[in-house]
Amino acid sequence: MRTKLTIGISGLEGSEKYYIQFLESLTYIQFCIGGTFGENLNKRFTHLIRIGNDDSTKTTKAREWKIPIVSVWWIFECAKLGEIIDVKGYGWDVAGML
């Protein structure tokens, strides 16, 4: 049985085309590893994908709630391997990537 993920996204900006392509990628990833993606971050989320150097309310709350903040490469690597991998090497701290 797969681990249920609930993932939020912070910092996604740019053209609508890029946004749609990104969401299509996430749908495929969701199929590969299971879980859901949501907009309204809450304490039940398991991870927050942080794109760019965004330091939003979501990232602040994720830190407060001890939700791992990861780069988008973490979710892509999970899909590639077909399993949930450790966030080590894909995480963010206040200064940037870990």
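See the values below:
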{"quantity": "Inter-label distance, nm, simple model (7 Å from Cα along the C-beta direction), S25/K80", "calculated": "1.2 nm"}
{"quantity": "Set K43/K88; K4/K43; K4/K80 screened for pairs whose C-alpha atoms are more than 19 Å apart", "calculated": "K43/K88"}
{"quantity": "Between the stretch 45-66 and the stretch 71-90, the alpha-carbon center distance in angstrom", "calculated": "17 Å"}
{"quantity": "Ranked V72, V87, criterion: other C-beta atoms within 10 Å, fewest first", "calculated": "V87, V72"}
{"quantity": "Surrounding net charge for G8, when Lys and Arg each add one and Asp and Glu each subtract one, Cβ distance under 11 Å", "calculated": "+3"}
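No lab work stands behind these numbers, since they all come straight from the coordinates. Predicted model only: the values in this text are computed from it and were never measured. Counting neighbours? That spans all protein chains shown, and the Cβs are built from the backbone with ideal geometry, glycine included.
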